[in-house]
Amino acid sequence: MKKLGNLVRTKIRASCKETEQKESKDSNTQEKNNINNLQTEQTINEIKKNLARVNDFLFKKVVTEEGIVTVMYSNSLVEKMIMQVMVFIPLTNHANQIHQVAEEINPLDMKDVILKITSGQTLLYFHDKNVLLFIDTYSPPTRSITSSETESTVIGSQDSFTESMEANLSLIRRRIRNPMLKNENFVIGSETNTNISIVYMDTIVNNDYLDELRTRIERVDYPAFTDISLLKQLIEDNPLSPFPQYYMTVRPDTISDYLTDGRIVVLMDNSQAALVCPVTFFEMFVSVEDYYNRWTTASLLRMLRFFGFFLTITITPAYVSALTFHPEILPYELLVNLQESRSKVPFPPIFEVLFIELIIEVLREAGSRMPAKVGQTIGIVGGIVIGTAAVEAGLISNILVVLVATSALLSFLPPIFLMSNTSRFVRYIFIISAGMYGLYGQMLAFAWLIAHLLSLKSLGTPFMTPIIPRKATDLFDSVIRFPTAFLKRKMGISKSQKK
Amino acid sequence: MSGKKSPVLNRFHVIFLTQNIMFGTGILSLPQKLSSLGYSQALFPLLFGVIACLTLWPIIWINSKYENDNLFRINEKLLGKWLGKSINLLIVAVYIIFLSSVINNYTTLIQTSALPEQSMVVPLIMLLLVLVYIVNGGITSIARFCMMTFFLIFPTIFFLRWAIEKGEVTHLFPLFNFNGKEALEAMKKGYLSMLGYELIMFYYPYIANKKKAFKYTTIGIWITVLLYFITVLVSVMYFSKWQLENVEYSVLHLLKAGELPFIERIDIFVITLWVLAILATASAYLWTAKKGLESLRNKKKSSHVYILTLVVLLFEWMPLNPGFQEKFYEINYNIYYGILGWPIVLCVVHLLKKKRVRP
């Protein structure tokens, strides 16, 4: 009896001790939890203060097995389905496994925390442990991949870049399935914090060009980048020149072509175009369709584009100089024809030409701003009615209308829109100098143009490189395109690494 | 000049630089200058080529002894500071006056043929502005401009084909129908069109492959000589003796023989195209004079180019009668011939100095 009593007493004492220990442990964790809770409340209050009046920034408190978890996310950047599938359902069912999917972040680094929220990440704050995790749930609505309106081709792939940098990268990566295709991310823009990515082929690219480009991008100090052409103007070699020194395109096949040639491509989030550097002047007249066509067609079209550029800056100035200063240059019948059509015009040729050039510019600008429904009618009214009426009223001669229309069409031949804009600007310089001193003024302006083009650089290399070809094979792919078997695909300008 | 890196001229740069500095207004009146020889002037450009190569050799030799110095520094090193600097000043003055004579010739030509009834003040200023723009780019920009000029002007050779059709080959024979006095007169007048290859003394430090500089310069000289030879040949075939002596700018009349369906007078087009060749020549001389001014004052300033351009402009506007201006330019040409022979003097001085150092 006594022994039984002793046994029971020791057992009761042991169990009392256990409950005491358990209680003390529980009180310890309780204390810790209280401290953590206080700290999380403090941090959450600070986040709320930073994001005050950002009404699409949501806080939700979820009760889980691991205690209370505050979920913070930006409603406009995250799709609701993604939130349910990636965050709420796992959180409410197996909260302790969230650690395997999410990454940890320091809750005291307020700047990083705010940047993560405004970039579309979801933050999970575990109150009891004072641990802040984030999951990448960035899924804003994006445009689907369509064909490009400005750079369309008849043959070849029709997809073009969209505004999402990830979609653009996927379009490039599915064409170049090579681990050597590297891309480095940067964040630029002090107000917009835009993502950009430098893409290149590691085994082909020249590392000096890469370092130069990186230095230039890191030196850029501009608040808001709405499009990649703003970045382009800030990192160009000669920003004062009217000519573009880097290539901009929206076609992924052109980009993959340039990447395998050893050039460097820059992509920007929210920007449809991509930048290619370094490039030469002749490549501004090359369309990727030239490589899909056969070599005879391709050579013909390239020569047309290239000489079209020089024709468009020469036709109307030649009209001005021939009629004002050197009428003896024209053959007799043509001169009679011209004088007949100019017989009613009261202005000297230069005013006539400037007048109609400006009318065409106004038509072009207005046509691009007008809504589509009104634009067609106004286009017909402007083009046909004003043109015919002006000729009949005697304000301009009808030969001039033909010349100006041809030169306007020719100015749209270069595949890059920036180059066509430049040729329009250069044409005015030529018209004015032809109006001042005839052919002499035109040739002086031409000398200036040559001197200017020869002084331009693209990422440190001369812009007019095929004039002094670095490799003889460069000439095979300039104004005339040789058959594909002869083309060595690494142009001299990229100074690619030799294998 | 071209930033921190030193500019480097590869072989194409050197060839076309040499060629274009020589090729300027000289060719347009070349048949007239050689006219004392009559019809046998056809071979004289080749003789000029030989003389040019012979005088080129001491130039390259003295430059190869002082690899990184242009002629201004070599003068100072060999002749001492004061004598060297005064010779440098003379060279700068000669080049500036030569430059203004070239531009003056050209603007007179434009005024008489392409732009009658216009004062040439503003066109001259426009030309000088473009000139300053090219020179500010440094010697590489000038060399590249020379290359483009060559490819743009070279096709005008094809306009000579109508003159060949209308000319008579029998004018060419007999070949050596002149005496010594006529030959000397022709050489004195005609060699002006060959001046310009000696500017290699000033851009030699920038050449990449200095050992082959002689070869490249010779190629440049012979390209120009070939062009002159073809022109003189065709003009001998086309013109009569009286025309050769009395027609100024006879090469332009050669071009008038051309018949194209859509342009009547090609010569106006070619004259205005010639502004590129003038700019190529003038920019090299202006660059050399700028380098000279820098070495005289031992300072590099961007205002040097503008000062020199103003001096050129003053020469154009000098209120002197044209006869005096012509004489002034004649004296200048004679001094210029002296500069051609100057490297031989320098070679002798260099050899004497070496002999003095050894013992």
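Just so you know, all these numbers are worked out from the coordinates, no wet-lab data involved. Here the structure is a predicted model, which means the values were calculated and not measured. When we count neighbours, we look across all protein chains shown, and the Cβ atoms used for this are built from the backbone with ideal geometry, even at glycine.
Computed values, structure above
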| item | result |
| --- | --- |
| Average projection area in nm² (convex hull over Cα atoms of segment A:361-464, one quarter of hull surface) | 8.8 nm² |
| Sites B:Val132 and B:Glu294 - FRET efficiency at Förster radius 25 Å, r taken between beta-carbons, to 0.05 | 0.95 |
| For peptides A:97-109, B:263-275, B:339-351, sequence by mean Cβ density within 10 Å, most packed first | B:263-275, B:339-351, A:97-109 |
| Per DSSP, loop GluC sites (Glu not before Pro) in segment A:140-194 with at most 11 further Cβ within 10 Å | A:Glu149, A:Glu191 |
| From the C-alpha gyration tensor of segment B:209-286, square roots of 5λ in Å | 30, 18, 13 |
| R0 of 51 Å, Cβ-Cβ distance A:Ile89-A:Ile378: FRET efficiency to nearest 0.05 | 0.40 |
| Linear extension gain, B:Glu248 paired with B:Ser113, 0.36 nm per residue minus alpha-carbon span | 47.4 nm |
| Low-density loop positions, chymotrypsin sites (Phe, Trp or Tyr not before Pro), segment B:136-200 - DSSP coil, at most 13 other Cβ in 10 Å | B:Phe176 |
| Segment A:296-451: C-alpha gyration tensor shape, a/c 1.5 cut-off, then a/b vs b/c | oblate |
| Label-reachable residues, segment A:197-213, where backbone N falls under 16 Å from a point 7 Å from A:Leu230's Cα toward its Cβ | A:197 |
| Helix A:207-219 vs. chain A, principal-axis angle (Cα, 0 to 90°, nearest 10) | 80 degrees |
| Percentage relative contact order, segment B:11-346, counting C-alpha pairs under 8 Å, at least six apart | 43 percent |
| Segment A:30-72: GluC sites (Glu not before Pro) in DSSP loop, at most 15 other beta carbons within 10 Å | A:Glu65 |
| Backbone N under 19 Å from the A:Ser119 label point (7 Å along Cα→Cβ), restricted to segment A:62-82 | A:72-79 |
| Cα Rg, Dmax, segment A:320-408, angstrom units | 14.8, 49 |
| Length-normalised contact order for segment A:298-451 - Cα pairs under 8 Å, 6+ apart - percent | 43 percent |
| Calculated P(r) tail over 34 Å for segment B:11-346, as whole % of Cα pairs | 23 percent |
| Cβ-based net charge around A:Ile396, under 11 Å, with every Lys or Arg adding one and every Asp or Glu removing one | -1 |
| At 1.002 mPa s and 20 °C, Stokes D of segment B:144-211 from Kirkwood alpha-carbon radius, µm² per second | 129 µm²/s |
| All lysines inside 17 Å of B:Lys33 as judged from Cα atoms, apart from same-chain residues fewer than 8 positions distant | B:Lys181, B:Lys188, B:Lys189, B:Lys241, B:Lys327 |
| Projected label distance in nm at B:Leu152 and B:Gln325, using a 7 Å step from Cα toward the beta-carbon | 2.6 nm |
| Base-10 log of normalised Debye intensity for segment A:165-289 (one unit scatterer per alpha-carbon) at q = 0.12, 0.21 Å⁻¹ | -0.41, -1.36 |
| Between segment A:49-84 and segment A:246-301, the Cα center-to-center distance that results, in Å | 44 Å |
| R0 of 56 Å, Cβ-Cβ distance B:Val122-A:Asn37: FRET efficiency to nearest 0.05 | 0.10 |
| Taking chain A and dividing mean pair separation by its residue count, relative contact order in percent (alpha carbons under 8 Å, at least six apart) | 14 percent |
| Alpha carbon convex hull of segment B:212-356, projected area averaged over orientations, nm² | 15.0 nm² |
| Prolate/oblate/rounded label for segment A:1-64 (Cα gyration tensor, a/c 1.5) | prolate |
| Span from the segment A:2-19 Cα centroid across to the segment B:288-359 one, whole angstrom | 120 Å |
| Per residue convex hull volume, Cα atoms of segment B:46-102, in Å³ | 100 Å³ |
| Normalised convex hull volume, segment A:167-240, alpha-carbon set, Å³ per residue | 107 Å³ |
| Around A:Asn270: net Lys/Arg minus Asp/Glu count, Cβ-Cβ under 14 Å | -4 |
| Cα pair distances of segment A:29-136 binned at 10 Å [whole percent] | 14, 51, 31, 3 |
| Whole-percent pair-distance distribution, where bins are 20 Å wide, for the alpha carbons of the protein assembly as shown | 12, 33, 29, 14, 7, 3, 1, 0 |
| Extension gain from A:Met303 to A:Asn106, taking 0.36 nm per residue of separation minus the Cα-Cα distance | 64.9 nm |
| Diffusion constant of segment B:133-272 at 20 °C, which comes from Stokes-Einstein with the Kirkwood Cα-pair radius and 1.002 mPa s, µm²/s | 120 µm²/s |
| As computed over chain A, the Cα convex hull volume per residue (Å³) | 222 Å³ |
| Estimated Rh, segment A:229-279: Kirkwood, alpha-carbon pairs, angstrom | 11.4 Å |
| Amide H contacts of B:Leu9 (H built 1.01 Å from N, under 5 Å, at least 5 apart or other chain) | B:Ile207, B:Ala208 |
| For segment A:128-204 versus segment B:191-206, the gap between their alpha-carbon centres in whole angstrom | 56 Å |
